[in-house]
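J.: Input: one structure, supplied below.
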Amino acid sequence: MPIFFNRRPAKIGGFRAKVRAGLGWLAGWAGLGAALAQPTDPGYYSTNGQVPGTAAGLGYYVPTPGATSQTPADPGFYVPITAASAQTSASLGYFVPTSAATGQTPAPAGYFVNVPGASSATPAPIGYYVPTPASTSAIEAAIGYFVGLIASTEQTAASPGYYVPTTGATGQTAASLGHYVATSAASGQTAASPGYYVPTTAATGQTAASLGHFVSTSGASGQTAASPGYYVNTTAATLQTAASLGHYVPTSGASGQLEAPLGRFVNVTAASAATLAPLGSYVPTTGATSATLASVGHYVGTTGSATQTAASAGYYVPTTGATGATAAAPGYYVPTTAATSQTPASLGHYVPTSAASGQLEAPLGRFVSVPAASAATEAPLGSYVPTTGATSATLASVGHYVGTIGSATQTAASVGHYVPTTGATGQTAASPGYYVQTAAATSPTAASLGHYVPTSAASGQLAAPLGRFVAVTAASAATEAPLGSYVPTTGATSATQASVGHYVDTIGSATQTAASVGHYVPTTGATGQTAASPGYYVQTAAATSPTAASLGHYVPTSAASGQLAAPLGRYVAVTAASAATEAPLGSYVPTMGATSATLASLGHFVNTTGSATQTAASPGYYVATTGATGATAAAVGFYVPTAGASGQIAAPAGTETYGASIAARVASLAVTRDAGNSIVGPEFGSNQGRGGTLAVGAAGTSGMFNLTLQNVSTDLGATNTLTNLSLLSITFSGANAGLFSILSSPITTLGETASTVLQFGYTVPANGILDATLTIATDEGAGFGLAGRSFNFALNATAIPEPAETVAVAGLAALIGAIWRRRRRSPPAAK
């Protein structure tokens with residue numbers, strides 16, 4: 001509870017008034033100087049405290065006479081009028097927060113004032129509220145309500161699911177598990193009724209137990225599932241129900257019981273399972289309390305059956321409560337279902353297996369002569385059974401036979417065969433030379449003239465084929481036409497001789513053969529054709545004589561169909577030739593079909609027989625006569641620059657040749673090469689030119705130097721002694737020649753454009769000074785292999801950049817020298 005303090009502002013104000021009055025009195029007393037002064041009344045004041053005075057203003061008061069000032073109303077007090085001599089205390093329910101107030105303020109809703117003269121309002125504490133202004137106290141929250149904030153203007157009703165059991169509550173309480181609060185402003189919670197439960201806190205209602213569940217007590221927070229064998233079929237149940245007879249409940253939480261299904265029964269209450277009908281019994285209805293035994297003619301072969309099974313046809317059941325049916329034995333059958341006995345097979349019938357539903361008629365080819373038979377008897381060989389249900393077999397008639405047991409039919413003798421007796425087990429094949437054209441025959445027919453029967457069991461005779469003939473009856477084969485004759489038609493009785501221009505070279509021929517191209521036949525009855533002899537030919541078929549080859553032609557083989565023109569390089573000068581003649585040496589045949597050869601012309605030769613062309617003498621060679629068989633090489637001192645030459649050219653002065661030469665080689669340094677006029681020779685070159693200086697290495701070093709040597713001549717465009725370059729010698733000379741040595745000797749002879757590498761070693765003195773020359777002697781400008789021009793290369797060290805110190809010293813010396821020279825040039829100073 002809040003504590004409230006009482007104030008006494010009235011007494012404090014009275015004290016102040018008395019003080020002010022005393023002071024005014026003293027002032028008035030001291031001011032006696034004239035006649036007696038009249039002091040101001042209470043409620044008024046002046047500067048000297050005497051009348052006339054000024055009325056105290058609103059919010060102010062003057063409590064004593066003779067006052068010199070007005071007093072402001074204290075907090076908690078107010079003055080609503082002028083000329084007031086006292087201040088008014090704030091009433092209960094009101095307050096004055098400031099001094100010099102002219103009125104009081106009502107406490108707002110949520111606040112109260114419970115003492116007079118208050119300068120402030122008190123907020124309603126939690127659990128309390130103030131609904132109206134100017135209240136003098138706070139109201140305690142009622143049961144079912146709460147106030148959770150200070151200065152509240154109203155109380156809050158407890159929400160559904162919550163309750164407030166006391167007054168002055170600052171909060172609401174949630175309904176506990178198993179309880180609920182359905183309305184607002186509740187002062188307590190309600191326990192869940194039996195059949196209901198509340199699974200959560202702050203619930204606003206209770207939950208009815210669902211189907212298959214029950215709640216047996218009040219205040220429950222959960223429901224109980226019905227046990228197996230029991231069920232609950234309503235909501236809000238307080239108990240579970242036991243399954244009745246003929247019913248069961250297999251699981252917990254069931255909302256109903258199950259009827260025992262077909263094939264099962266329940267003979268107790270509260271059952272959780274139904275019992276399977278045992279073997280030999282069944283349950284045909286649902287909700288059964290017991291099983292029924294299978295009746296006679298029926299059986300039950302499985303447990304849990306809803307029906308009994310009628311014995312099927314072929315089976316029977318003689319007793320009740322059977323678990324299976326009995327199969328009818330072989331020789332017996334059961335034609336209906338639900339039978340209690342088996343029936344024996346009648347005459348002409350049989351039952352081959354057990355469990356038969358009927359008897360079988362003896363099939364075609366079989367018969368049955370006893371009752372209760374389990375098999376039919378096959379008809380024996382030579383007999384047959386043509387109907388079903390027979391009791392005996394029938395013998396085969398004449399022209400027919402039965403070759404297998406159990407036959408349903410007799411077989412007519414087939415075409416090519418015959419049967420002369422009854423009861424036969426087979427037919428007789430017609431012999432070769434005879435035939436049978438119809439079925440069921442009793443005898444064969446002999447083959448007629450021009451015909452034959454080659455095999456047994458024939459259904460007809462054969463006309464003698466092409467190339468054959470038959471001259472007798474009952475023949476088993478036709479005769480082949482002999483060599484030189486043929487048979488062009490079928491059914492013939494004799495052969496025909498081959499005509500002239502034709503032949504027959506095989507026996508049994510149906511045709512004669514015309515002599516083929518390249519062959520001929522001069523007589524009749526010939527057995528072969530004659531091939532045309534070499535030198536002769538036959539261009540058409542069926543010829544009687546050959547044709548001789550004409551001039552310029554030949555036939556090299558026999559059986560030729562035409563003649564051949566003499567080929568290039570050959571000729572034919574006679575008729576009927578079998579070969580062409582080769583052109584002899586020194587001559588040639590340039591056309592086909594020639595009758596003679598042509599002599600080789602000047603500048604040309606033919607050095608083989610049978611040549612089609614003559615050969616021009618190559619450069620370096622010449623032919624001075626016709627009919628030559630070879631060319632003559634240009635002699636030493638002569639040359640032939642072109643092909644087909646008929647003579648040689650003398651080499652000019654200062655040149656020479658070497659036999660079969662195509663040009664003259666420069667043999668004197670005074671003669672200049674002129675390839676255009678066939679004056680040729682080698683030309684030396686290298687990768688360093690034709691002479692000069694070679695820088696081999698740095699001072700004080702040793703090493704290896706490669707120099708490529710070349711023959712740069714292209715006068716002939718080929719390797720030839722006329723332009724081959726000979727390297728005659730390679731030498732070092734000079735004071736330092738000993739510092740050089742050849743490491744790899746180069747090729748000594750170079751053809752045109754060929755090159756080789758000279759590799760030599762060197763040692764350069766430390767001072768870098770060399771006195772040495774490399775000399776290469778060649779045959780350039782001379783005859784092949786003879787001394788010609790030599791080429792010299794001066795050997796020097798490679799230059800080395802000067803060290804920095806040397807440059808510096810040299811620079812200093814140069815500077816000193818310049819100064820010295822200037823001093824020498826300058827005139828002496830005047831004295």
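The values are calculated or read from the model by the stated rules, or taken from the named source; none is laboratory data. Note that the structure is predicted; figures quoted are calculated from it, not measured. Glycine gets a Cβ as well: all are built from the backbone with ideal geometry, and neighbour counts include every protein chain shown. For the accessible areas, the whole protein counts, side chains as well, though only heavy atoms, and no ligand, DNA or RNA atoms are used. Shrake-Rupley method; radii C 1.70, N 1.55, O 1.52, S 1.80 Å.
J.: How much accessible surface does Ile139 have with a 1.4 Å probe, in Å² rounded to 10?
T.: About 70 Å², rounded to the nearest 10.
J.: Moving to a separate point now. Give me the base-10 log of I(q)/I(0) for region 275-390 at each q in 0.10, 0.14, 0.18 Å⁻¹, Debye formula, one uniform scatterer per Cα, rounded to two decimals.
T.: Those come out to -0.42, -0.62, -0.81, one per q.
J.: Whats the longest run of the chain with zero chymotrypsin sites (Phe, Trp or Tyr not before Pro) that are DSSP loop and have at most 14 other Cβ atoms within 10 Å?
T.: 6-831
J.: Give, in whole angstrom and from largest to smallest, the semi-axes √(5λ) of the equivalent ellipsoid of region 338-497, with λ running over the eigenvalues of the Cα gyration tensor.
T.: 56, 14, 8
J.: Evaluate the relative contact order of region 111-205 (contact order divided by residue number), counting alpha-carbon pairs under 8 angstrom at least 6 apart; express in whole percent.
T.: About 23 percent, as a whole number.
J.: Let me ask another. Just the accessible area per residue of region 104-152, please: how many Å² with a 1.4 Å probe?
T.: I get 42 Å² per residue for region 104-152.
J.: Report the semi-axes of the equivalent ellipsoid for region 128-257 in whole Å, largest first, where each axis is √(5λ) for an eigenvalue λ of the Cα gyration tensor.
T.: With the √(5λ) rule applied to region 128-257, the semi-axes are 47, 9, 8 Å.
J.: Accessible area of the chain with a 1.4 Å probe: how many percent of it is carbon plus sulfur?
T.: Heavy-atom surface of the chain belonging to carbon and sulfur, 1.4 Å probe: 56 percent.
J.: Something else: On the first, second and third principal axes, largest extent first, how far apart are the outermost C-alpha atoms of region 49-142 in Å?
T.: 62, 14, 14
J.: Still on this structure, please answer the following. Given the Cα-Cα distance of Ser741 and Ala579 and 0.36 nm per residue of separation, how much length would full extension add, in nm?
T.: This chain segment gains 50.9 nm when fully extended.
J.: Hey, what's the per residue convex hull volume over the C-alpha atoms of region 473-604, in cubic angstrom?
T.: 91
J.: Express in nm, to one decimal, how much length is gained between Glu154 and Thr608 on full extension, taking 0.36 nm for each residue of separation and deducting their alpha carbon distance.
T.: 148.5 nm
J.: OK, next. Any chance you could give the angle, 0 to 90 degrees and rounded to 10, that helix 9-30 forms with the longest Cα principal axis of the chain?
T.: Helix 9-30 sits at roughly 60 degrees to that axis.
J.: Over region 718-762, average the accessible area per residue using a 1.4 Å probe and give it in Å², no decimals.
T.: Solvent-accessible surface per residue comes out at 44 Å².
J.: In what sequence, largest accessible area first, do Ile776, Ile143 appear using a 1.4 Å probe?
T.: Most to least solvent-accessible, the answer reads Ile143, Ile776.
J.: Find the relative contact order for the chain and round it to a whole percent, using C-alpha pairs within less than 8 Å whose residues are 6+ positions apart.
T.: 3
J.: Something else: Taking 0.36 nm per residue of separation and subtracting the Cα-Cα distance, what length does fully extending Leu58 through Ala650 add?
T.: Roughly 196.1 nm would be gained on extension.
J.: Taking only DSSP H segments of four or more residues, each worth -39500 (n - 2.57), what value at 222 nm results for the chain once the sum is divided by all its residues, to the nearest 500 deg cm²/dmol?
T.: -2000 deg cm²/dmol
J.: Which value, to two decimals, describes the C-alpha radius of gyration of the chain once divided by 2.2 N^0.38 Å?
T.: Working it through for the chain, the quotient is 2.82.
J.: Can you tell me the accessible area per residue over region 309-460, all protein chains present, probe 1.4 angstrom, in square angstrom?
T.: 47
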